[in-house]
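J.: The structure under discussion is supplied below as structure tokens; questions concerning it will follow.
The values are calculated or read from the model by the stated rules, or taken from the named source; none is laboratory data. Quick caveat, the model's predicted, so the values are computed rather than measured. Heads up, the Cβs are rebuilt from the backbone with ideal geometry, glycines too, and the neighbour counts pull from every protein chain shown.
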Amino acid sequence: MGLYNIISSLLKAAADRSRRYYCICCCKTTTRYSPYSSGGLGICEECAKEIAFTDGCSSFEGTNNVGYICSPMFYKGRIRDAFLKYKFNDNPAYAAVFSEILVNYFENIDYEDFDMMVPVPLSEQRYLERGYNQAELLSERLCSRLSIVHEPQALVRVRHTEAQSGLRGHERSSNVKNAFAAKTELVAGKRIIIFDDIITTGNTVEACAEALKNAGAEYVIAWSLFIVAPKNHPEQILRPPLPHRVKTKNKEDGKRG
């Protein structure tokens with residue numbers, strides 16, 4: 001083998017190592033193209049094809065105090081399994097990959113008339129158990145990329161609650177009722193985006209929005225990484241997609257009536 005071929009092989013091997021990443025969905029290490037990757041982690045093209053994305057030009061109906069809800073993915077498949085590892089198995093680094101999906105989706109939505117984003121807070125007990133707030137890690141990265149003000153201190157959880165995943169619709173509502181309080185000095189008169197990791201029945205974001213409104217917030221919507229499809233969840237209070245703000249060249253054309 002000539003010197004040129006040896007150098008070419010070494011350079012190719014080095015390039016392959018630099019592109020090598022761990023797919024958080026299929027748990028394989030690969031150098032294949034990844035539409036979502038960051039810092040040695042990613043989602044391979046094959047796994048990305050299985051993601052159940054929502055309609056990028058629609059939103060879901062909100063709750064009493066939430067104007068509307070936007071989310072890029074339905075909560076199912078391999079991506080769901082990867083998220084469970086992120087949330088419960090001490091894998092905070094996965095936030096880098098999930099944030100790529102969030103940015104890809106929300107950068108096309110008109111969010112410029114909102115003043116801040118507020119992540120759903122954990123109770124002190126839950127934070128100590130987990131070591132991090134999975135929603136806050138995502139919202140912090142999203143706000144940094146989209147230049148949105150991030151205010152994790154604007155909302156606090158005033159009491160510990162049971163995990164929503166093991167409760168039915170009416171139980172979910174009572175579980176988070178009056179569980180949050182907002183700081184008036186931060187939210188009064190503001191238009192706010194609540195961020196949660198998963199929206200199922202909408203009870204958690206509704207409880208957060210109620211606290212924000214009680215503290216003087218002008219208008220509240222919710223964004224999330226996942227949303228549970230209504231057909232898979234009979235008590236789901238969300239409804240099929242409704243039109244939402246999509247970025248246009250003329251901002252006035254993008255506003256809801």
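J.: Taking interchain pairs and intrachain pairs at least six residues apart, which have beta carbon atoms under 6 angstrom, with the first residue in the range 112-134 and closer than 19 Å to residue 215 by Cβ and among the charged types (D, E, K, R) and the second buried (at least 19 other Cβ atoms within 10 Å of the Cβ) and modelled with pLDDT of 90 or more?
T.: 115/190
J.: Does residue 70 satisfy being in contact with a His (Cβ under 9 Å, 6 or more places away or on another chain), modelled with pLDDT of 90 or more, of a type outside the set (Gly, Ala, Ser) and within 26 Å of residue 133 (Cα to Cα)?
T.: Values: in contact with a His (Cβ under 9 Å, 6 or more places away or on another chain): yes; modelled with pLDDT of 90 or more: yes; of a type outside the set (Gly, Ala, Ser): yes; within 26 Å of residue 133 (Cα to Cα): yes.
Yes.
J.: Would you confirm, using the coordinates I've provided, whether residue 27 is surrounded by 11 or more Cβ atoms within 10 Å (Cβ to Cβ), modelled with pLDDT of 85 or more and touching a strand residue (DSSP E or B) at 6+ places or on another chain (Cβ under 6 Å)?
T.: On the way: surrounded by 11 or more Cβ atoms within 10 Å (Cβ to Cβ): yes; modelled with pLDDT of 85 or more: yes; touching a strand residue (DSSP E or B) at 6+ places or on another chain (Cβ under 6 Å): no.
Judged against the criteria, residue 27 is not a match.
J.: Need pairs with beta-carbon distance below 7 Å; first residue touching a residue at least 40 places away in the same chain (Cβ under 8 Å) and within the range 182-203, second polar (S, T, N, Q) and in a strand (DSSP E or B); sequence gap 6+ or separate chains.
T.: Partner pairs satisfying both residue conditions: 195/224; 196/224; 197/224; 198/224; 199/224.
J.: Within the range 201-220, how many residues are touching a strand residue (DSSP E or B) at 6+ places or on another chain (Cβ under 8 Å) and either within 12 Å of residue 120 (Cα to Cα) or crowded, with 24+ Cβ neighbours inside 10 Å (or both)?
T.: Final tally of qualifying residues: 10.
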